[in-house]
Amino acid sequence: GEQVEQRPPHLSVREGDSAVITCTYTDPNSYYFFWYKQEPGASLQLLMKVFSSTEINEGQGFTVLLNKKDKRLSLNLTAAHPGDSAAYFCAVSSLANYGNEKITFGAGTKLTIKP
Amino acid sequence: VTLLEQNPRWRLVPRGQAVNLRCILKNSQYPWMSWYQQDLQKQLQWLFTLRSPGDKEVKSLPGADYLATRVTDTELRLQVANMSQGRTLYCTCRGDWGVYAEQFFGPGTRLTVL
């Protein structure tokens, strides 16, 4: 089955610096990719989704890059601010039966922004 | 807009006692409902995905036994038994395809073992 490896497990950067979190996956049939943010004590919030083979999506203060050739998904936070301190999870969904896909999550990265 | 409601939001569970959780779907465009557990180390694990009323599954994992039931098109239940360590259970919903393929998480139910 699908295996998703997320790195690093912990990341600490100074306010204003960038931060990069990377996931690699194994199933070449994986088709949908997601990043979630989980603030302390809260549920998971969908940050971004990507579907295309190689895609760069930009959100508010972050960029997501998908490289299907290398089976690599990355989240790049630019100019980190204290509100970015949270756990981040990647998720990978394989193109299996219509609708009934199992989504595999990475182990998470705890990001801390230092003043 | 809230897609999912979960209750209770937290519960103290005496060791050996079972607890019943409910999840209510607010938007029928996301009919695939699932349960995930998140352990105290924040590791997420998929438990079940149930699509149709009447669907039922059981699973035993380290630290808890689970029974999930899709009661109606809008209600998903989970019974947690023999829990030895605390955890948070999240209900999720997802659409069939395309723009509805993303998965949304409910607020979660936090369980603590007494």
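Laboratory data are not the source of any read-out in this text; all were calculated from the coordinates shown. Note that the structure is a prediction, hence the values are computed from the model and not measured. With ideal geometry, Cβ positions are generated from the backbone for all residues, glycine too; neighbour counts draw on all protein chains shown.
Structural remarks
- Rounded to whole Å, the principal axis extents of the Cα atoms in chain B read 42, 27, 21, largest first.
- Phi angles across region A:73-79 convert, under the Karplus curve 6.51 cos²θ - 1.76 cosθ + 1.60 with θ = phi - 60°, into 3J(HN,Hα) values of 10, 9, 10, 10, 8, 9, 6 Hz, Gly and Pro given as x.
- Taking 28 Å as the straight-line reach from the Cα of B:K56, the lysines in range (excluding those fewer than 8 positions away in the same chain) are A:K102, B:K26, B:K42.
- Taken about its Cα centre, chain A carries a charge dipole of roughly 140 debye when the Cβ of each Lys and Arg holds +1 and the Cβ of each Asp and Glu holds -1.
- Relative contact order of chain A, pairs being alpha-carbon contacts under 8 Å that are 6 or more residues apart, as %: 36 percent
- On the basis of the beta-carbon distance and an R0 of 22 Å, A:N67 and A:S12 show a calculated FRET efficiency of 0.25.
- Cysteines in the protein assembly as shown lacking any other cysteine Cβ under 4.7 Å from their own Cβ: B:C93.
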